[in-house]
Amino acid sequence: MTNKFIYTAQEYAAKHQITASALRKRRLSGKLDGLYEIRNKMYFYTDDGPNKDSFTGKIVSGATKKRRNVPRHLSRITSNSLQLANDLKQMFRINRKLKESEIEHITPDIIQVAKERHQQKILEKMKEPFLSNHDLMMQQQQKMVDKHLIEQDQRFEEENKNFSSPLEPKNDVNERDVYF
């Protein structure tokens with residue numbers, strides 16, 4: 001009598017092109033009942049069983065495989081704006097910035113509006129004169145100096161209004177007080 005349980009977990013997983021961890025998970029979930037035995041605290045597997053080629057069986061007609069992690073150039077989406085809208089939806093889901101009901105309203109039109117607004121801002125910036133950082137700093141310093149000089153002039157004028165020279169007294173004397 002030959003033992004039909006001849007593969008170790010590593011060999012069996014390699015034969016079915018899965019990881020040993022995936023094999024263990026399938027064993028624990030009961031998908032491999034009758035296809036393994038335990039000897040000396042080790043699991044040994046057999047090739048006999050209803051699903052020799054795969055654990056999940058063949059695709060039933062009408063059912064489709066989920067397309068996950070498909071490169072963008074192989075996706076079914078032909079419009080770049082639709083792809084961007086889907087990317088935005090996914091990003092908001094990941095970051096939990098919007099509720100699911102709010103995410104449904106993201107459309108390619110919203111992306112077009114954002115592009116137009118961005119273009120308008122760029123055009124407005126282009127109309128402004130270009131100043132380097134050094135020029136901006138010099139301009140700000142000049143404004144501060146000008147402001148200080150204006151304040152200083154105003155103070156000087158106020159002092160001159162209220163200033164009375166000791167050598168030139170004011171003529172506040174009335175004519176009746178003057179004696180000749």
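The values are calculated or read from the model by the stated rules, or taken from the named source; none is laboratory data. Since the structure is predicted, the reported quantities are computational estimates derived from the model, not experimental observations. Every residue, glycine as well, gets a Cβ built from its backbone with ideal geometry; the counts of neighbours run over all protein chains shown.
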**Q.** Tally, over region 49-103, of residues that are part of a loop (DSSP other than H, G, I, E, B), at pLDDT 65 or above and more than 19 Å from the chain's Cα centre (by Cα)
**A.** 12
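I'm trying to understand the selection: among the residues of region 147-167, which are among the aromatic types (Phe, Trp, Tyr) and assigned to a loop (DSSP other than H, G, I, E, B)? Talk me through it step by step, then tell me what you get.
We begin by selecting, within region 147-167, every residue among the aromatic types (Phe, Trp, Tyr); these are 156, 163.
Within region 147-167, Phe163 is the sole residue that qualifies.
How many residues does region 103-136 hold that are among the polar types (S, T, N, Q), exposed (fewer than 11 other Cβ atoms within 10 Å of the Cβ) and either within 18 Å of Asn80 (Cβ to Cβ) or in contact with a helix residue (DSSP H, G or I) (Cβ under 9 Å, 6 or more places away or on another chain) (or both)?
Selection size over region 103-136: 1.
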Q.
Under 9 Å between Cβ atoms, which residue pairs at least 6 apart in sequence (or on different chains) link something in region 157-172 that is among the polar types (S, T, N, Q) with a partner that is modelled with pLDDT under 70 and exposed (fewer than 10 other Cβ atoms within 10 Å of the Cβ)?
A. Ser164/Lys170
